1. Identify, please: which residue in region 299-341 is aromatic (Phe, Trp, Tyr) and in a helix (DSSP H, G or I) and is, among those, modelled with the lowest pLDDT?
2. Pull up region 187-197, narrow it to residues that are part of a helix (DSSP H, G or I) and loosely packed, with under 13 Cβ neighbours inside 10 Å, then point me to the one that is modelled with the lowest pLDDT.
3. Just need a number here: residues in region 27-61 that are surrounded by 13 or more Cβ atoms within 10 Å (Cβ to Cβ), modelled with pLDDT of 85 or more and in a loop (DSSP other than H, G, I, E, B).
4. Starting from residues that are closer than 17 Å to residue 164 by Cβ and either modelled with pLDDT of 70 or more or of a type in the set (D, E, K, R) (or both), keep the ones in region 65-107 and report whichever is surrounded by the fewest Cβ atoms within 10 Å (Cβ to Cβ).
5. Please pick out the residue among 260, 231, 216, 235 that is over 21 Å from residue 286 (Cβ atoms), touching a strand residue (DSSP E or B) at 6+ places or on another chain (Cβ under 9 Å) and assigned by TED's automatic domain parsing to the domain that holds residue 187.
6. Answer yes if at least one residue in region 131-138 is of a type in the set (Asp, Glu), modelled with pLDDT of 85 or more and farther than 30 Å from residue 60 by Cβ, and no otherwise.
7. Just to verify a result, which residue in region 14-26, among those that are of a type in the set (A, V, I, L, M, F, W, C) and more than 24 Å from residue 286 (Cβ to Cβ), is modelled with the lowest pLDDT?
8. All but one of (1) at pLDDT 85 or above; (2) in contact with a Gly (Cβ under 6 Å, 6 or more places away or on another chain); (3) of a type in the set (A, V, I, L, M, F, W, C) hold for residue 281; which doesn't?
Amino acid sequence: MHTETTREALIRIITEQQIDTGNAKLRIGVIAKMAGITRQAFHRYYGDLKPYVLGEKPISTFFDDSSEGINSTHLLNAQKKIGELQSSLSKVEATHKKELQEFKDSCVTSLMKSDLALHDADNVRKRHAQQISHNEKLRQDLSTLKLALLHEQSRAATAEAELNNIQLNASRAQPTIRNLIVIDEFDLFNKKNIIEDESTFIQLKNKCAEKTINKINTIVDQNTSIVTLYIDRFISRFEKFADQYNQNDTSAAILVRFPIFDQYLIKSYLVQLDIRARVQIILPVCDVESIIKTQRAFFVRNVPHFELKNADDFGLQDISLKRCRTMGITAVLFNQISQGD
């Protein structure tokens, strides 16, 4: 199971913003909102990241692993170079503005002095030509600095991509379970048309649940260490979760899609299990309504509205560890859903 934690999301957002702005002082409220948390939650749980948001510490110190040292140094150098270029750019623009104003003031003064107008006309023309030439050079220098700034930003983005690849390869290198059996017998969600009649739907769903229990009893043996029930609430893709599922040990295990949203029904089905292996429950959760709507719009098909309501109403209060222990469940895990899961 691989999902981005809130800390990882904050680090990624801070890194991107600092690269884009050149180590500028960022707003904590904006960063917290981009990560999907409140400003108070940021101060309470992630206060150690505040110096990076305010630009008081370089973002390279996020990556203290030796395998990422080159990329961290490169990011720091790129960030420093961007800052230097932005400073140079500001100085050139200030100089340009000052000299232009001085030229305007000189022209006005010359014109106001009527007794020197004819005498100074030639000098004014010469200075005007010189100023135009100088301004053109400043514009060229400004364009060169902007191109250099874009180049450094591109190099910083490339370094960040390389760093992300290192982290992705590291996560893929983690050991995965070798003997995993995945069971998904709820084929009524794969039908072409939505079953609108609630009574008919419940009958078909109960048959799928019984078929699931029978299949578990058929394939489970003494080598099976754990049976995991995934209470699918239609806010994520079970197939993707199964592909990324990683048990701590490497013994045989069974992962079951089990979209049942009534604790008494769950208990009645568990009674029918003829196994000695441990049973645990994984409950997907998401506090962001917009993510839930997006997930269901893209990944959920043929689920009637009353079933979605049952899934939404089934929450933490229905799956507490105290209640689960009375049903023979040894552990309850929560899978935080992000967009795209």
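The values are calculated or read from the model by the stated rules, or taken from the named source; none is laboratory data. Bear in mind that the values here come from a model prediction, so they are computed numbers and not experimental data. For neighbour counting, all protein chains shown are included, and Cβ atoms are generated from backbone atoms with ideal geometry for every residue, glycine included.
1. First, pick out the residues of region 299-341 that are aromatic (Phe, Trp, Tyr): 299, 306, 314, 334.
Still in the running and in a helix (DSSP H, G or I): 299, 306.
Numbers: 299: 81, 306: 90.
Only one residue fits best here, namely 299.
2. Residue satisfying both the conditions and the ranking: 190.
3. 5
4. Per the stated criteria, the residue is 65.
5. So the residue among 260, 231, 216, 235 that is over 21 Å from residue 286 (Cβ atoms), touching a strand residue (DSSP E or B) at 6+ places or on another chain (Cβ under 9 Å) and assigned by TED's automatic domain parsing to the domain that holds residue 187 is 216.
6. yes
7. Step one: of region 14-26, the residues of a type in the set (A, V, I, L, M, F, W, C) are 14, 19, 24, 26.
Right, trim to more than 24 Å from residue 286 (Cβ to Cβ) and you get 19, 24, 26.
Working: 19: 80, 24: 71, 26: 85.
Here the answer is 24.
8. Just one mismatch for residue 281, condition (2).
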